[in-house]
1. Could you figure out which of (1) under 28 Å from PRO104 (Cβ atoms); (2) more than 9 Å from the ligand (Cβ to nearest atom) isn't true of MET157?
2. Among (1) under 20 Å from GLN88 (Cβ atoms); (2) open to solvent by 10 Å² or more (accessible area, probe 1.4 Å); (3) small (Gly, Ala, Ser); (4) over 17 Å from the mean Cα position of the chain (by Cα), which single condition is ALA170 missing?
3. Every residue in the range 185-214 that is assigned to a helix (DSSP H, G or I) and surrounded by 13 or more Cβ atoms within 10 Å (Cβ to Cβ), please.
4. Mind listing whichever residues of the range 1-44 are over 19 Å from the mean Cα position of the chain (by Cα), closer than 20 Å to LYS55 by Cα and not in a helix (DSSP H, G or I)?
5. For the range 92-107, does any single residue satisfy the condition of being surrounded by 14 or more Cβ atoms within 10 Å (Cβ to Cβ), in a strand (DSSP E or B) and either touching a residue at least 60 places away in the same chain (Cβ under 8 Å) or in contact with a Cys (Cβ under 8 Å, 6 or more places away or on another chain) (or both)?
6. For residues in the range 45-67 being within 14 Å of the ligand (Cβ to nearest atom) and in a helix (DSSP H, G or I), which is nearest to ALA145 (Cα to Cα)?
7. Could you please give the count of residues in the range 219-265 that are open to solvent by less than 20 Å² (accessible area, probe 1.4 Å), assigned to a helix (DSSP H, G or I) and of a type outside the set (A, V, I, L, M)?
Amino acid sequence: MVLSDNIKNMFASFAPETQRAMDRYTSFRVGGSADLLMLPQTVEQVIALVKIAHKAELPVTIIGGGTNILISDNGIRGLVMVLTRLKQKIEQTKPSINTDDESPDQIYLTALAGESLGRLCRYAADAGLTGLAWAAGIPGTIGGAVMMNAGAFGWDMSQIVKQIEILDLATLETMVLPVNDLQFSYRKLALENSIVLKVRLGLTKADTGTVRDEFYRNLKTKQSTQPVSQASAGCFFKNPPGDKSAGFLIEQAGMKRARCNGAMVSDLHANFIVNHGNACAKDILNLAGQVRKRVYEKFGINLKKEVKTIGD
Ligand SMILES: Cc1cc2nc3c(=O)[nH]c(=O)nc-3n(C[C@H](O)[C@H](O)[C@H](O)COP(=O)(O)OP(=O)(O)OC[C@H]3O[C@@H](n4cnc5c(N)ncnc54)[C@H](O)[C@@H]3O)c2cc1C
């Protein structure tokens, strides 16, 4: 979409990015251009930008670290906000008396949505706070981790999130939602049409050495079992119900190392599709379609995408 000068002027004081190619903002390294790209640094900027987009009748797309998304080769229409600069000092507090947290060892960590999950994880390990070491090595932002209910080693975000602050894109109001109002399920938070602005986690005081050991053990496991240095968006498909993982099914269906141009099913972890440098979104989707078909033919199981497809 070509934006009119009038619309461009409405956003001019926020200095939109001049390079709008979205491949730079996703770990898959593919994707066309955004009509309008902003990297806000404060909650106030996010709210102001949403209000202008609302007035200009532009759709708004939110991206965190871009590590669980596949952006279309045709790009994204309207305003795209990448939230990786939306951060401030991580805040550490104790719950006040009369909350429903009974343990005196419970500590809250509060961060803005753009804070890196990796940094929070390290912060917790160095502060001797247990409950987040499972996330060692998961890339992206804390806002994206909450939206995806990211998880590993039997843990996920739903077990440690205490509350979130959101901007409702319909009413343009901010509100604080306690965990009891949040519906988490496997790799999903049921939260439509909203931007996560701030996240509060509840962790527990423990021995620093023990938490650090767990953190590095998990990191090492991830690095040896996943192609972490290649361009991907993590697991492409959700694990289906039952005891067989998507990776196992894909491997048994003979799809390890299957290719479509620059896209390839990883030979280290069959649920990772990697971009060897020259894949486009179409190649990745094409390969994912072949994988899904072969798994269905062999096992009668319909794999569902974990990766979110975004754009035209
Ligand atoms: C090498 C590798 C390993 C991975 N390992 C794991 C793993 O072990 N476990 C796991 O669960 N995942 C894993 N992932 C996937 C991914 O890292 C997680 O899902 C991560 O939490 C996504 O965060 P993000 O900030 O990158 O979100 P993005 O990919 O930017 O966005 C994901 C979704 O959330 C939305 N979103 C993002 N931020 C906000 C916000 N603030 N408000 C509203 N909506 C928002 C986006 O619109 C999109 O729909 C891995 C990925 C890679 C590349």
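The values are calculated or read from the model by the stated rules, or taken from the named source; none is laboratory data. Just so it is clear, the model here is predicted, and its values are computed rather than measured. Note that we place each Cβ from the backbone using ideal geometry, even for glycine, and neighbour counts take in every protein chain shown. Ligands, DNA and RNA are stripped out before the accessible areas are found, and what is left, the full protein with its side chains, is counted by its heavy atoms. Shrake-Rupley method; radii C 1.70, N 1.55, O 1.52, S 1.80 Å.
1. That leaves (2) as the condition not met.
2. All conditions pass for ALA170, except number (1).
3. Passing the criteria: THR208, THR210, VAL211, ARG212, ASP213, GLU214.
4. Of everything in the range 1-44, those that are over 19 Å from the mean Cα position of the chain (by Cα), closer than 20 Å to LYS55 by Cα and not in a helix (DSSP H, G or I) turn out to be MET1, VAL2, LEU3, SER4, ALA15, PRO16, ASP35, LEU36.
5. Looking for residues that are surrounded by 14 or more Cβ atoms within 10 Å (Cβ to Cβ), in a strand (DSSP E or B) and either touching a residue at least 60 places away in the same chain (Cβ under 8 Å) or in contact with a Cys (Cβ under 8 Å, 6 or more places away or on another chain) (or both), one finds at least one in the range 92-107, hence yes.
6. VAL46
7. Residues flagged as open to solvent by less than 20 Å² (accessible area, probe 1.4 Å), assigned to a helix (DSSP H, G or I) and of a type outside the set (A, V, I, L, M) within the range 219-265 amount to 1.
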